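These notes are about the structure you will find just below.
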Amino acid sequence: MLGYELLDAQQRMETNILDIMKRMTALFDFRHDSEQLRAIRRHGGPYYEDLVTLLRNLAYQLIECTFFILRYADEKRFYRVLRPSGVYGTSFGYSAQLERLRQELRNMAQRQMVAYDRDLNDAATIQQIEHLDDAGFNPAMCCLPGTRTSLIDNIQQWADTPGARRIFVLMGAAGTGKSSIAHTIASKFLEKKQLGAMFCFQGQNRGPQHLFPHVARELCSWHPSFRHELAVSIGNDDNICRSTNPNTQFARLIRAPMERLGKTGTVVIIIDALDESGSTDDRSQLLSILCDTQQEMQGLPVNCRFFVTSRSEADILRAFHGASDVRVERLRIFNDDPDIMDYVRKTLFSEGSCLHGIPHADPLVLARQSEGLFLWAALACRFIMSQEPPGVLPLQRYQYILTSTNTGLDGLYYRIISSLYPGRDSQDSEDRDQDANAGPHLASRLTGSLGNPMQDFKVIMGFVFTALDSLSIGSLRSLRTLSIQPGLSVDQPVDIGLFLRSFASVLSGIEDDRTPVRPLHASFAEFLRDPRRSKNFCIGSPSVHHRNLALASLRLLKARLHFNMGDLDTSYQATRDWRLINRWEDKLAPDLLYACKYWGYHLVIEDVKHEKEMVELLRDLFTRKFLYWLDAASMAGIVSDVAKCIAAAMARLQTVDNNIYDTALDSLRFLRVFAYPIMESSAHIYISALVWAPRTSRIAKLYRPTYPRTAAVVSGLPALWPTVNRTIHGHNKSIRCIAVSPDGRWIASGSEDQTIRIWDIETGAAIGEPLVGHEDWVMTVAFSPDGMRVASGSGDKTIRMWDVETGTAIGEPLAGHDDRVLSVAFSPDGKRIASGSADEAIRMWDAETLAAIGEPLEGHNDCVNSVAFSPDGKRIASGSLDKTIRMWDVETGAAIGEPLEGHNDYVNSVAFSPDGKRIASGSLDKTIRTWDVETGTAIGEPLAGHDDRVLSVAFSPDGKRIVSGSNDTTIRLWDAGTGAGVGDALRGHDDSVTSVAFSVDGTSIISSSVDKTIRIWDVRSAANIGEVMAGHEGEGDSVALSMDGMRLESIPRESSMPNEAAGQLQPEDWNEHSFSLSP
């Protein structure tokens, strides 16, 4: 019996040893073959260090197991049999340990892959946020070592001191070295891993809308967890990435991720040159955010600091003065600034420098000439060290600078330009004599003849400082060449590269042909634009340069646009995939992209010259090259920029040529309807968009004959641009009201579901989440004149104010009415809100404090359905269920004159004409009436045509038309002068039309309905355009162009990419397909 037990134990022991060996083999195989582990090794990530530790433990365990098995194998079988129990327990322990390690490895690999997938998704989301690569920290711009040490130490101490004020503002005059200090501060905190982000406003086309997206992207590098929290904050709302509103950007891209991030160490965000962020209006929101530390900054980590540099502009001083959590210090100017002295000595007089050992040069004299301006010293040093123009020694340059009778930055700029253009200025005779000895005549050297060098100077500098985006020497050379009037004899055109490199002391980006050229300081551009400061060197009227750039851009597009801009081999390649394997810059030069994006903006401003050629260039672009323009835009990812370019040019195109205007209008519709497939692949321009464009489309008529072998729709092709049926989930009950923002970008809607929604008027996309706060139907909405706020009135008897971009309520509800609030309106100056209620009263409110103003305006005998301010803000008109309209004095609250009587039933809506002379009213008696504001009398006969009550009326922006919406589900247009109906009723809604409004440009009508849709209609054609925005589920979907029961077929072809040269298709398979739209 004992022998049997020993042999059984031995057998179990052998089994355990084999199990250990199998587990070791499995671990080796898993470690070798696991893609997850390889991903951890390749990409690092949060589990990399844990993996290293685990693999180290695994190696130790495998070695230990190996020695155990070797010892076991070496023992004689007799001894194994006699003492199996101890060995068996050890082997079992090893087996369990190996299993535990294997499971840990597997779990870690799975966690890593989940994290890796999450990181990929986060990266894709964050990639949509704009980041300006050249707007951040630049080590080359730091202060010279050993200078500004006391100030820099103070700033570092502020940032590291617990409880210090959150914002440090360093103010100083232009040229005092604020930017150098900012970059030095950035370098110090970067060393300590405390630099969150840096953004420099100095540079072209940098406004407040660029700040927070850039900061958000840089914060992702500062703290690894911030990246994920930022992606979570954005979620599926891609509109946040494209938002240009600083309030929205700060709330969603900075504050929300920071709040979720929790406690962090010190982090410093640096904002340089705040004064260069745009006009006072442009930066007002940004200043409000920075100064409102109690509300806007609440939620940020307590050690999050903002360091800001700025000139002492009046609006910036006002904003920061007295702000509770802001520390403001001014950069003092000393004529004998030791830091400037040290800078000059090290730059020009140290061993190996250009003035070292020259007895007639004194650093102290040059430093004093700077008058305490670091910029002056830096520019003077660059000029003295410059090699342009040649033949002038550094000592001569030094003497030339010092002998000037004009001091300050303007004087220095003048001297630098005068050294290149001697005798061309209007300064005193002593300076002119000095200029003549400064060196060879630059323009003569460049052109080979005297010609008109000052004209070259003004044109080239005009291009540099008028371009809407910074241009490289290569792009400037191309555009300058194309701007020269055809037929003009130019014997030896100026070499732009050589020309600009001669201004090395005041310009950057001139070292090669690809870097954008910019002034070293914004003051140089300001100097050249101001004739009082630059005199004969003033670059002249901006409109002239805009004309030159518009012409050059259009000529370039004519010369370079062609079929298949990306040289695609197949139409199946998505644009994003093409960009991964190609440098699109190699196919699409920067000058071409500049022309694609900006010619329309230049056209609007340019002088009316070269009119005939301009017309021909525009005609060529829209009738011959339009599809190629979209092709280039698709490849470069600038489709939206092209749409904006066309929209910007429309006002000017209307004055240039009617046919071109109509074609451009059709091209804009073509682009807006097919934007998404075009962005996806440039091939869709030819094989999808062109195929499906309506029969009456000008673009379709112009371009379809060029591609006769592409697919053709044989049945069901729409005649007109259709309304695309797009359902947007949001509201789930009837829409009671709409309003259009003053800039024409947004639509606000209020619904019976107790929410307000904001929509993009171009795309129909919902902007953000619903605005939630009312406890009953939302009956009325109105935008503030600046478009930043929405007021809403509700059946819950209150009015609420909302921030449009953030979607948050502003302050507490405005309470005072005793019944439903049926109408609200902002005064034209945005300072007051008027409200009408079912309690028969009208109230006025302060739009800033939200306090009631005076007593209620009483006089109606029933519900006040509608209120409206006159354009001059002096009167309020009101319409009531008592069948009358009343007018009120805004200042006194007194009724003006007698009630306007004439309707036979409730008055539902009132609106002032743009000139304030007439009022339109809509009534339950199915009519619209117009009234003379001064006399209070009805004008003409009632406007009759609706079959049911009129619920809403509005004037067009030019006052020539009235639009009305009715319970009969239709919308009608009326001639405001004659009262005659214009065209047929607009039909498409399936239920009562509750509200109507004109777009800001008067070309579209926006309507809302009980059918839970918002529709956009074309005023000119009296037909639906745009897209149905159906954010309200319920009673049936509606489409403007019914295609029910029609069969749509595509003719089979052997390719999907047209061949431009032959009008044939390339040999690729394109499967035959057909489909139908069912009822």
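What follows is calculated from the coordinates using simple rules that are stated; it is not laboratory data. Source: prediction; values computed, not measured. Note: ideal-geometry Cβ built from the backbone for every residue, glycine included; neighbour counts use all protein chains shown.
Some observations on this one:
- D292-N205 pseudo-label distance in nm [points 7 Å out on the Cα-to-Cβ vector]: 3.0 nm
- Spin-label pair L393-S221: with each label point 7 Å from Cα along the Cα-Cβ axis, the two points sit 4.6 nm from one another.
- Using equal-weight Cα scatterers in the Debye expression, the normalised intensity of region 839-983 in log10 at q = 0.10, 0.20 Å⁻¹ is -0.32, -1.18.
- Neighbourhood net charge (13 Å Cβ-Cβ; Lys/Arg +1, Asp/Glu -1) for R929: -2
- T515/A719 FRET efficiency (R0 51 Å; Cβ-Cβ; nearest 0.05): 0.50
- Local electrostatic count, K797, Cβ distance below 12 Å [Lys/Arg +1, Asp/Glu -1]: -3
- If R0 equals 41 Å, the separation of the Cβ atoms of E941 and D829 corresponds to a calculated FRET efficiency of about 0.70.
- For the cross-link pairs K733/K874; K192/K644; K644/K733; K797/K831, the ones whose C-alpha atoms lie over 32 Å apart are K733/K874; K192/K644; K644/K733.
- Placing a label point 7 Å from the Cα of L468 along the Cα-to-Cβ direction, the residues of region 629-666 whose backbone N falls under 11 Å from that point are 641-650.
- Segment L498..D872, full-extension length gain: 129.0 nm, with 0.36 nm per residue of separation and the alpha-carbon distance subtracted.
- Net charge contributed by nearby residues that have their C-beta within less than 11 Å of Q156 (K/R +1, D/E -1): 0
- Measuring r between the beta carbons of K22 and V232 and using R0 = 45 Å, the FRET efficiency lands at 0.55.
- Computed from label points 7 Å out along Cα-Cβ, the spacing between E613 and D282 is 3.1 nm.
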